[in-house]
1. Could you tell me whether B:Thr367 is within 23 Å of A:Thr104 (Cβ to Cβ) and of a type outside the set (A, V, I, L, M, F, W, C)?
2. Can you give me the number of residues within region A:104-129 that are aromatic (Phe, Trp, Tyr) and either modelled with pLDDT under 95 or within 17 Å of the chain's Cα centre (by Cα) (or both)?
3. Output the number of residues of region B:371-380 satisfying the condition of being more than 8 Å from chain A (Cβ to nearest Cβ) and either assigned to a loop (DSSP other than H, G, I, E, B) or among the polar types (S, T, N, Q) (or both).
4. Taking region B:66-84 as the search range and keeping residues that are of a type in the set (A, V, I, L, M) and under 28 Å from the mean Cα position of the chain (by Cα), which one is most open to solvent (accessible area, probe 1.4 Å)?
5. Have a look at B:Gly190, B:Gly194 and point out the one that is surrounded by fewer than 24 Cβ atoms within 10 Å (Cβ to Cβ) and not acidic (Asp, Glu).
6. Pull up region B:73-103, narrow it to residues that are touching a Phe, Trp or Tyr at 6+ places or on another chain (Cβ under 8 Å) and without any contact (Cβ under 8 Å) to a residue 60 or more places away in the chain, then point me to the one that is farthest from the other protein chains (Cβ to nearest Cβ).
7. I'd like to check something: does region B:390-399 contain any residue that is facing chain A (nearest Cβ under 7 Å), crowded, with 23+ Cβ neighbours inside 10 Å and among the charged types (D, E, K, R)?
8. From the list B:Thr242, B:Thr220, B:Thr214, pick out the single residue that is in contact (Cβ under 8 Å) with a residue 40 or more places away in the chain, among the β-branched types (Val, Ile, Thr) and touching a strand residue (DSSP E or B) at 6+ places or on another chain (Cβ under 8 Å).
Protein chains: 2
Amino acid sequence: MKFAINPNRNDWSDLLRRPTQTFENIEMTVNEIFSEVRQRGDASIKAYTETFDDVTVKQIKVTPEEIDRASSAILNDLKSAIQLAKANITAFHEAQKTDCIKVTTTQGVVCWQEKRAIQKVGLYIPGGTAPLFSTVLMLAIPAQIAGVSEIVLCSPPNKSGNIPDEVLYTAQLCGISKIFKVGGIQAIAGLTFGTESIPKVNKIFGPGNQFVTTAKQIATKFGVAIDMPAGPSELLIVADETSKAQYIAADLLSQAEHGTDSQVILVANSKQFMETVKQEVERQLVALPRQTIAKKVMDKSRFISFNSKTDTLDFINAYAPEHLILCTSENDFYATNVVNAGSVFIGNFSPESAGDYASGTNHTLPTNGYSKAYSGVNLDSFSKSITFQEISEQGLVNIGNAIEVMAEAEGLQAHKNAVSMRLADINLKRK
Amino acid sequence: MKFAINPNRNDWSDLLRRPTQTFENIEMTVNEIFSEVRQRGDASIKAYTETFDDVTVKQIKVTPEEIDRASSAILNDLKSAIQLAKANITAFHEAQKTDCIKVTTTQGVVCWQEKRAIQKVGLYIPGGTAPLFSTVLMLAIPAQIAGVSEIVLCSPPNKSGNIPDEVLYTAQLCGISKIFKVGGIQAIAGLTFGTESIPKVNKIFGPGNQFVTTAKQIATKFGVAIDMPAGPSELLIVADETSKAQYIAADLLSQAEHGTDSQVILVANSKQFMETVKQEVERQLVALPRQTIAKKVMDKSRFISFNSKTDTLDFINAYAPEHLILCTSENDFYATNVVNAGSVFIGNFSPESAGDYASGTNHTLPTNGYSKAYSGVNLDSFSKSITFQEISEQGLVNIGNAIEVMAEAEGLQAHKNAVSMRLADINLKRK
């Protein structure tokens, strides 16, 4: 851990720094795989799965029988837990629905904005050491509420050629039936171009390693939208002596166990409190199954104390954390004034795990400082706004001259004509 | 013009095709300029301005005196027109404000979503043959309403080293004072990295040629967000005999005069009507100052008739036009069922020019089929959502077990611990 006591603003840049990632080499690989999948479809998908996942998949699409078998293999207490999470996530995302916005801007000029679901979306669920079924909930639930008509899910097969039961059960619970055993760059390529079995989609969602992340970035060159650029997960905690060091340590460790590239920062108001948290971290660390990963992250972590609320707030906003935990006597001040963060957890009984799984908020959030410009995944991520305008004769009379003058000034005579000839007709008729 | 009468769905792909663009060569140039601007700042900006815009700019930032001088040079009727447009655009975008969304998902678990303005945005206003002051309105007004704290405007200097008076007047009217004489790739590089004079921003907005478009795409690799990917402007009109061929021709031509890469499509329900529009186009074309451009576009245009409403609707949604004009006896059907479009103009008195300038809707819209996944610029483009959660002791008791079970199933023990130790404390206290 690196301690910094009331650091000077000139020295913040080091404390704000994120691990740099270079994607140059990966880009070449992505371009190659994209080109292959685009040309050869399923055949190349299967070949890459053999190469990268070390398993032969005969049929890429998961069958209804496989889904049924997976669902019946899930224990009841996990089913109940997933269902409770689903209910909360549904409640929070349902509430994000918006009405049509309609305004008469000038008499006879009616403008409105309506949201329409994106028609086809792809959800990417990473593989790895554990089944990340919680991400299925976070992506599939808002997609369904938004009214997406085709939801496609891709996830890499494990060594026995299957997608984990938990992922299949959760997908099925969320009404998703188009599930494909494919991961990595080749999955993103399949969703971008479409293959014999995988549908081409309009937008791709979901986390992934640096290969998937780079592939998503490249996919945008081919007309596909993505949820957001992604980097390693991160947590910033602001705590003071009104919090409990034991909880703060546990929350730091829960972030630290994600992967060795995770970042954790503690901002406190005293060195003594930071020392106590440090000791708690060391005490809890030894009991963790993923202690090797968590220790590496904690070794790189930063514990910073500031003397003032203003410095603390400015530091939060300059870092723009994915997750922000507030456990201080001034939570209202920080919650009201924070401008850059993905999701905020307030008070001693709101651990990050709650938002990761079951409180109702989405856990697909902007990392790497992207919360300065991006939202986390929410209901609007699955739709787009269309504007409409309907102008009456009188409406055009009211704004027509302004349009003519502006079009003329921009040197666009045909734009002006389109108004002038209508106005001439209206004038004739009114005589 | 290419006519197609009730084309078979198998033959649609040709009719839906957009001009392909290759950016490979441009990318190399962009990378070079980005690297130079990043290292040498203003000096390289000035050098590129000399090379590409053929003018020497001593001071990149526009002075208050220049802005005052420009404003007093604008004629009163243009000032009034711009002010009318500003009022309508303001009314429509003000109405897009949303409230905080707050939900108790489970007793004791309160989740909410709040929007916060992006702190720093860059607005790019292209140069060229005419001053595109209308785009200043379309970007600056929602940025101000959203509450963006730093708005930076870049636009290329003309041969005399100035930004057009109309652009400066409009910027000043919208409360923008940070205006820089820089265009092209070097402008996007300046906004991405910041220089001695140009502030680094979080998100870049605005249209541009293929150089600017590619530069914006590359900027996203450096942590900057962009409004949307861009392509040439386009219009699809659906018309029948209830419309007036003269107006339809004028609207097609208003789109066609933008540039030789513009696309226009007419979908009608009879060959005869298409013939009438064709004759009208030829008649009006000869009087246009930009007839060379417009003729090239009209030569490539497609006039398609369908026998059924369903085919027409499916064709609209497959093409996903930036601008969609509906002049038929079935406008309600199309307006209700369209899912992919940027902005929709309904009826005989709603020409595209109205939305380009003064109705109130935004004219920065998704082209190239991007309306399948992207919205046009709107109030939300200038802010992002942050989620919050505050969980009480009882709240954690209500959802804690579900979190524990899910974290365990995902192999994330530290995530579980963060909940378990809090639940243990609550249980102890309650005994």
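The values are calculated or read from the model by the stated rules, or taken from the named source; none is laboratory data. Model, not experiment: these values are computed from the prediction. Here Cβ is always computed from backbone atoms with ideal geometry, including for glycine, and neighbour counts include all displayed protein chains. Only protein heavy atoms, including side chains, enter the accessible area calculation; ligands, DNA and RNA are left aside. Shrake-Rupley method; radii C 1.70, N 1.55, O 1.52, S 1.80 Å.
1. Judged against the criteria, B:Thr367 is not a match.
2. Residues flagged as aromatic (Phe, Trp, Tyr) and either modelled with pLDDT under 95 or within 17 Å of the chain's Cα centre (by Cα) (or both) within region A:104-129 amount to 1.
3. 1
4. For region B:66-84, the residue satisfying everything is B:Leu84.
5. Exactly one residue qualifies, and that residue is B:Gly194.
6. Ranking the candidates gives B:Cys100 first.
7. no
8. Unique residue meeting the criteria: B:Thr242.
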